[in-house]
1. Against the definition (outside any strand (DSSP E or B) and out of contact with any strand residue (DSSP E or B) (no Cβ under 6 Å at 6 or more places or on another chain)), how does residue 233 come out, yes or no?
2. Restricting to the stretch 287-318, name every residue that is within 29 Å of residue 241 (Cβ to Cβ), in a loop (DSSP other than H, G, I, E, B) and touching a residue at least 40 places away in the same chain (Cβ under 8 Å).
3. Quick one: would you say residue 421 is at pLDDT below 70, at positive phi, surrounded by 14 or more Cβ atoms within 10 Å (Cβ to Cβ) and assigned to a loop (DSSP other than H, G, I, E, B)?
4. Of everything in the stretch 63-79 that's assigned to a helix (DSSP H, G or I) and among the hydrophobic types (A, V, I, L, M, F, W, C), which residue is nearest to residue 377 (Cα to Cα)?
5. Tell me which residues, restricted to the stretch 19-31, are at pLDDT 90 or above, part of a helix (DSSP H, G or I) and not small (Gly, Ala, Ser).
6. Restricting the search to the stretch 368-378, which residues are surrounded by fewer than 22 Cβ atoms within 10 Å (Cβ to Cβ) and in contact with a Pro (Cβ under 6 Å, 6 or more places away or on another chain)?
7. Criterion first (under 14 Å from the mean Cα position of the chain (by Cα) and part of a helix (DSSP H, G or I)) does residue 326 satisfy it?
8. Which members of the stretch 351-367 meet the condition of being more than 8 Å from the chain's Cα centre (by Cα) and not in a loop (DSSP other than H, G, I, E, B)?
Amino acid sequence: MTPEPVVAEAQTAARLSLADRARRAIEDEHLQTALAKVTAALGAEGTAARTDPDMVDRRRRGAAIRREVLADLDGWLDRLQTKLESRGITVHRAAGPEEARQIVLGIAREEGVRLAVKSKSMATEEIHLNAALEGEGIEVVETDLGEYIIQLAREMPSHIIAPAVHKTVPQVAALFSEAAGEALPNDRTALCAFARQRLRSKFLSAEMGITGVNFAAVDTGTIVLVTNEGNGRMCTSLPRVHVAVMPVEKVIPRFEDLGVLLPLLTRTATGQRLSTYVSMITGPRRPGEVDGPEKLHVLFLDHNRRSLLGTPYEEMLCCIRCGACLNVCPVYRRIGGHAYDAVYSGPMGAVLTPLLSGGTEGRDLPDASSLCGACSEVCPVGIPLADLLVRLRADLRDPGPAVPPAAPWPGHAPEAASAVGEAGDAPGHPGDTTPGSRAARRIGFGVWARVWASPTGYRLTAAAARRLGQLAPDALIRKAPLVSGWGQGRDIPLPAARSFRQRLASRKEEGW
């Protein structure tokens, strides 16, 4: 496959505003059918996990482990590197996507790789690794069924744990029929059998296997992979070279911490007590072993993550990629993942994308939220996602990143921010299409803040709003200046006839 169609599609999507992308998603009947079924089921599992008494303590302990790591992230990474190298693993560090791609390409060239098989990895999606390898003439095959489907469709993942959640069975059958060169039935069993047959030969002939990393324990130097398909183990045991791309926050202090974090991840993500496959890797093939890679490389990926340390956004590094916030988000459940035009979608993606890109991508994504707070409630490690979304809305008002870049690792120059998002993402929020409108909005909200800072101002404006709501119809109010953009997709609630203070005073007079 060539990367050109993927790039062309991304560029087309980038020219559309968030509102346009959302509108297109809502009008897609196939997407709405798929989203309604899957997110409802996954959302129910996440809710059940949150209310399970056994999970309450595990959530508390999991949150504490994640924050323990962030208190000394560079120190934990140094100790992990020492342990991994003592086990015969080669460790690389990449400041950003370009350096990460070059490291993997260098390994592939050195090893003469012509075919690489991949297990599901959001980190490799983040650095656009497939397109880079294909550009070098290397065949790349996604072996997770969902990832294989979207690779054939030349699309990005729509969900971090269910990449093809937006596809219906007939759509998958059409994709597989095109790949097979013959018509395949709209039958799940037959389609899975086709994918299994196609992928087996790739596992046996691939020179390189590429995976992500769910957790990496410092004390034992163990790399942990969590999957529900056997493809992950085939990628790590059959090819002679294994490359694991690890975002820096995946490090954990102790092997025993997995007893907390693994059930926390799987219960919150899919309702399972434990995933079907949990693979623990502690080095390349040893003498006398019959499988495993001859060489194992682990790549630590920063990509602006270390710049979040010590800031209010540090909490995002606690994320364990369970997808629970996507499943309960009313916005994601209507528009799906592709409307975010980013690798990470939903509430976590709306926060993470602008931060990782240094503000060049996804500046409008924090507005893709109703701020209902469901994402914060369901998060198994207690990330205040709704609060971070509000903060990002303010911090991204002005051009530039929300946080300054971190100091580079020794020997690593800071990587320049990609220009991918600069043309497609207008600064500010949806509706702020001109400097004049942005200035007017800023002035209007500034005046409003000053008036409401005074009790008298608040009472007078609240009284005026109640009177206006009684006299003017909802449709007219939504067209008023400063309200028009916000009110396009909302009904303006009718104010109560009397204020809370007035009703309370009346009840007191009645002797209540």
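1. no
2. 291, 292, 293, 294, 302, 303, 304, 305
3. Taking the combined requirement at face value, the residue does not satisfy it.
4. 63
5. Matches in the stretch 19-31: 20, 21, 23, 24, 26.
6. 370, 376
7. Taking the combined requirement at face value, the residue satisfies it.
8. 351, 354, 355, 356, 365, 366, 367
The values are calculated or read from the model by the stated rules, or taken from the named source; none is laboratory data. Remember, predicted model here, so these are calculated numbers, not experimental data. Methodologically, a virtual Cβ is constructed for each residue, glycine included, from the backbone with ideal geometry; neighbour enumeration extends over all protein chains shown.
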